[in-house]
Structure formats: structure tokens, C-alpha cells
Amino acid sequence: MDLRQLKYLDMIIEHKTMSRAANALYISQPALTISIHNLEKELGFKIIQRGEDGYILTESGKRFYSHAKLVLSSFTNLEEDIQFIRDNGSGRLKIGITEEFRAVIPELFETFMNDNPTYDIKLIEGTTGEIINRLRLHEVHFCLTPLSYLDEDMESHLLTHNKYSLLVRAEDVEKYKDKTSLSTLKDFNFIAVENYYNFNEFIKKNDIHYNNLLQVSSIGAAVRLVKKGLGISVIPELYARNYTNPEVKSVKLKYDLYGPDLYLNYMKRQNFPPAIEDFMTEIKEYVAAINT
């Protein structure tokens, strides 16, 4: 078994037919067929089989392919890093984040770039699941997400408990800042960010009576609606505290509303360049400091 055979398998799964895969690889179809046959013979089980729409993985093949994808991803990252070092004489930091961390990233990156002027940075943002999958495929060095992962190959370092703040228009700060409970408020629209906290539990616990509910899928969308004066929202304090906009302000709630804790995640047995190790330490210290 070699890397070439894994690439061949990957192309067959992508293109569904031997002929299209062979064309994409610039090899003959018989050569591709023989290579996959030899791989299956070496493994001792079938990897692919014909389906209605072309070649698909067998059950054994699915398990093997998941490992093959990890190997291919790691090799691709290695090739990219080698090319980058060859062209630039240094390295590149690859980091994944979820939206909660968006507001603190510019300041963190400024520190990193001041300390490492020859490094480039690749930032990938997505949902927690998307970012963790990128980490497992070694497409990022580490990631910042809510939730601790108990994967035996992954390390999760607690950064902070995930408290929430009230987000309002700047001219409404005085109206909200002395309130001990949102239950005393009347005639407002509530902008809820899905998947960031248990909305029904929050509404019940705080006896909130709103006019209209506006549900959005991102903090950024909530910020824009608040800015337009369409309502108020509750968003992670880490995001709210570092969000700078003269038209939108955050108000610390008089009671604590918690969501999933925030973590720095990385794969075990991974060797980091000193610059990236130092940056991970700086992130831990920075987030701890701004939440004390």
C-alpha cells in the first residue's frame, strides 16, 4: 500500500466511475483498475463496489477510507507547508474558530504578527462540528470552540466559562443597565441566536415577555438587527465585551447566564513550532485575563 493508491481511491469515490477518475489522474483506466485491485488484494477485503450511481464504498471500505482521508489530508498539509516555506522561508499559522471568538481574534493576531513577522496566518471559521473536523484532519494547528471534546486523540484546555451579555443600541444603555431582571421590560422584540443557549429555558427563568421573536443563526446577524433598532439580544460576553461599535453596546446582566464553556482544542502527539506553542499560551492567558 502506498500514497498513490490512496489518491487513486479518493478520486474514484469523488468521480464515481473508473473512466472519469482515470482522466482526472491522467492515467489509463486499466492501470487504475489494476492498482485498486492490488490494494484490495493486499488488504484482504473489498473496498469499493458498484452502486446505482457508480462506485461506492463497501462497509469495510468506509472504515478504511476514513483513515485514508486523514493520511491524504496530512500529506496535503505537509506539501502546502513545504511549498510555503520554500517560497517564503518561514511558516504559517492555521487556526480554526467559532463565531464567539471573532471579536478577539484581531488583537490576538496583532500580538502574534508582532512577535513573528515572517509568519502568515490562515483563519478558518465555522460551526463547532466543522472546525473540530478540520482539526481531526490536521487542516488547522488548533481551534477555539465551545464544548470540551473527549476524543482520546484530542486535548481540550478550558479557557473560560461562557457567560452572556445583553446587546442593545447605544442610546438604550441607560434603560437597561440598572435592571435586575428583563421581566420588568415591556414592548421590545427579542433577537435570539440559535444554538448558543437554551432559549426556552432562558425566557422561562427570566420571566421575559417580548412582543416579537426574531431568530437568527449568527451573532453577526443579531448585532446588525440590534443596530437597526429591531430589538435586543443576548450574546456571549467574550464577543460582546470585545465588539466595538458606537451604535451598539453590551450591558452585563445582573444574573449569570451560562452556555457551553470555551476551549482551546488540539490533537495530541502533535509537534508545534515554538512560535505556535507560545501563541497558544498567550491565548490562554489573554482570555483568562479579560474574563477576571
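PRE reach from Glu52 (point 7 Å along Cα→Cβ): which of the range 6-29 fall under 20 Å by backbone N?
Counting backbone N atoms under 20 Å from the label point, the list is 13-18.
Carbon and sulfur: what percent of the chain's accessible surface (1.4 Å probe)?
For the chain, the apolar C and S fraction of the accessible surface comes to 49 percent.
Given Lys16/Lys62; Lys7/Lys69; Lys175/Lys205; Lys7/Lys94; Lys16/Lys69; Lys122/Lys163, which pairs have Cα atoms separated by over 18 Å?
From the list (Lys16/Lys62; Lys7/Lys69; Lys175/Lys205; Lys7/Lys94; Lys16/Lys69; Lys122/Lys163), the Cα-Cα distance tops 18 Å for Lys175/Lys205; Lys7/Lys94; Lys122/Lys163.
Can you give me the long-range amide H partners of His209? Hydrogens built in the peptide plane at 1.01 Å from N, cutoff under 5 Å, separation of 5 or more residues or another chain.
Here the answer is none, since no amide H 5 or more places off falls under 5 Å of that of His209.
For n ≥ 4 DSSP H runs only, could you compute -39500 (n - 2.57) per run for the chain, divide by its residues and tell me the 222 nm figure to the nearest 500?
The helix contribution divided over the chain gives -14000 deg cm²/dmol.
Per residue, how large is the accessible surface of the chain? Use a 1.4 angstrom probe and give square angstrom.
Counting only protein heavy atoms, the per-residue value for the chain is 54 Å².
Using Cα atoms only, what is the angle between the long axis of helix 59-88 and the major principal axis of the chain, expressed in degrees (0 to 90) to the nearest 10?
The two axes meet at around 80 degrees.
What's the long-distance tail for the range 200-292, i.e. % of Cα pairs beyond 17 Å?
64 percent
Give, as a single signed number, the net charge of other residues whose beta carbon lies under 13 Å from the beta carbon of Asp278, with Lys and Arg counted +1 and Asp and Glu -1.
Summing Lys/Arg as +1 and Asp/Glu as -1 gives -3.
Considering the chain, what Rg and Dmax in Å follow from its alpha-carbon atoms?
So, for the chain, Rg and Dmax equal 24.5, 76 Å respectively.
Taking the chain as the reference, fit the longest principal axis to its C-alpha atoms, fit the long axis of helix 274-290 to the helix C-alpha atoms, and give the angle between the two in degrees, 0 to 90, nearest 10.
Around 20 degrees separate the two axes.
The values are calculated or read from the model by the stated rules, or taken from the named source; none is laboratory data. Since this is a predicted model, take the numbers as computed values, not measurements. We place every Cβ from the backbone using ideal geometry, glycine too, and count neighbours over all the protein chains shown. Surface accessibility is based on the protein's heavy atoms, side chains included, excluding ligands, DNA and RNA. Shrake-Rupley method; radii C 1.70, N 1.55, O 1.52, S 1.80 Å.
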